[in-house]
């Protein structure tokens, strides 16, 4: 739509694309770029300067705008997008969400007629996400901007309040569904789910309730939470219990993972995940496992008064952080953009050195630990999957760490093949850079699982993943955790953390520790998530009738 194909990306094109009634073949690349802006999925691909201010100004400078006009537009757009306080910060010191907002601003400031956003909220915290979506709604309605917006997104719940129409592509790239948003959600929901998109959780649970109870209620606005909430007041005791059970199974403790509750921590590494374990019976007790990880002597990582400042910037990413992480824990790491989540993962992986404070691995100072041996213990999944791709074939990439760590000869070919299969139906000799974003992420995971580290750190692993892939990733991580691996996931996707983690670490905007608690306690105290709100209301109603 914006001319990258065919002017920059070569290939075989059939058919035509018309923009304002004119074929893309009849536009010059320069002219089409002024009309159609494209914000890519990976913001790093589009950063071309050194500061936020320069990045926003770059396009305007190329259009030969005056200095006064550029400065005025930068001030206007930076206030609109909440970037006015970091205009002179280096782009290298921005969080993923800040980079995404910067790139988006650099396009909006040029006032395109059509703006295409590829996963625009993937790196954003809830506040920034709400801000961005509100700004986009305002831009669509604004006569000044006259903007047509196209959003590519796996999570429909984030965008359907802004969208007029949905176009759903199947795995072959053909249109599976298209039409009015409300019509598709109300009348074609099963078809939508079969397309492997992440359907809105709210509609999903009430659709399941409707199927069980045969209750054919209709909601005027399919994502109006208050209208769904108000329905609860009309439910009798039996229907309340049905809805309670659905919410718990789908959103709190997923039914799909309950089959692993008694899984032993230690299983032969060659007996891989999903297929070989699904029907296996295990000994062991979940309570015993929880008792073990709560043991004070079972601390695997600890930080004491940990602080980190980026050199020559005055930016303090972490401040006085003291936490204890137990062996076999499954932690969700949350906080607003710029709170230091990625920085903390880098420090725990020994990729950064702290400004002050200390990090301990199994009660030994990390600074006194051999870096090579520690690298064998830690697997790190970077926010940008391309940051950890080193080889020119899928198979060589997966075998990269085993060859470096001297364990290549110990691997079974069957195990390697299963890890390749996690990526998808791909030739093992395919260049990893030709994979999709989601496939690159799964390749990252395979390249980590191959050497079985004790600690697995993941920075926004769910970005760019469809529902099927997320289910597979979570199942794999869950089983690794049940085998005794310690897992920390940094993510803005609170719904997934609510489902799968055991504990929550929350960082504040200033890089201090805001909260560290069990998942259940955290989400009870911070009951602003939809599933928790609904469950609380259901429990209140049941208490009223003495249940």
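Comparison of 414, 475 shows that the only residue that is in contact with a helix residue (DSSP H, G or I) (Cβ under 7 Å, 6 or more places away or on another chain), modelled with pLDDT under 85 and farther than 13 Å from residue 382 by Cα is 475.
Screening 135, 158 for residues that are under 30 Å from residue 94 (Cα atoms), buried (at least 16 other Cβ atoms within 10 Å of the Cβ) and in contact (Cβ under 8 Å) with a residue 40 or more places away in the chain leaves exactly one candidate, 135. Filter region 161-181 for residues that are within 22 Å of the chain's Cα centre (by Cα), at pLDDT 85 or above and assigned to a loop (DSSP other than H, G, I, E, B); which is nearest to residue 141 (Cα to Cα)? That would be 163.
Here is a yes/no grid of residues against (1) over 26 Å from residue 384 (Cβ atoms); (2) at pLDDT below 90:
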| site | (1), (2) |
| --- | --- |
| 489 | no, no |
| 496 | no, yes |
| 508 | no, no |
| 512 | yes, no |
| 524 | yes, yes |
| 529 | yes, yes |
| 532 | yes, yes |
| 539 | yes, yes |
| 543 | yes, yes |
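Among (1) part of a loop (DSSP other than H, G, I, E, B); (2) over 28 Å from the mean Cα position of the chain (by Cα); (3) under 20 Å from residue 133 (Cβ atoms), which single condition is residue 64 missing? The single condition residue 64 does not satisfy is (3). Screening region 448-464 for residues that are assigned to a loop (DSSP other than H, G, I, E, B) and over 10 Å from the mean Cα position of the chain (by Cα) and picking the one that is nearest to residue 40 (Cα to Cα) gives 450. The residues of region 381-423 that are exposed (fewer than 14 other Cβ atoms within 10 Å of the Cβ) and part of a loop (DSSP other than H, G, I, E, B), listed by number, are 390, 392, 406, 412. Restricting attention to region 20-37, the residues that are modelled with pLDDT of 90 or more and crowded, with 19+ Cβ neighbours inside 10 Å total 5.
Yes/no matrix, rows are residues, columns are (1) at pLDDT 95 or above; (2) assigned by TED's automatic domain parsing to the domain that holds residue 454:
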position	(1), (2)
288	no, no
292	no, no
304	yes, no
310	no, no
313	no, no
316	no, no
337	no, yes
362	no, no
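Pairs meeting the criteria (first residue in region 168-190 and in contact (Cβ under 8 Å) with a residue 40 or more places away in the chain, second residue part of a loop (DSSP other than H, G, I, E, B) and surrounded by 12 or more Cβ atoms within 10 Å (Cβ to Cβ), beta carbons under 6 Å, at least 6 apart or on different chains) are 181/160; 181/163; 182/222.
The values are calculated or read from the model by the stated rules, or taken from the named source; none is laboratory data. Everything numeric here is computed off the predicted structure, so don't read it as measured data. Note that we place each Cβ from the backbone using ideal geometry, even for glycine, and neighbour counts take in every protein chain shown.
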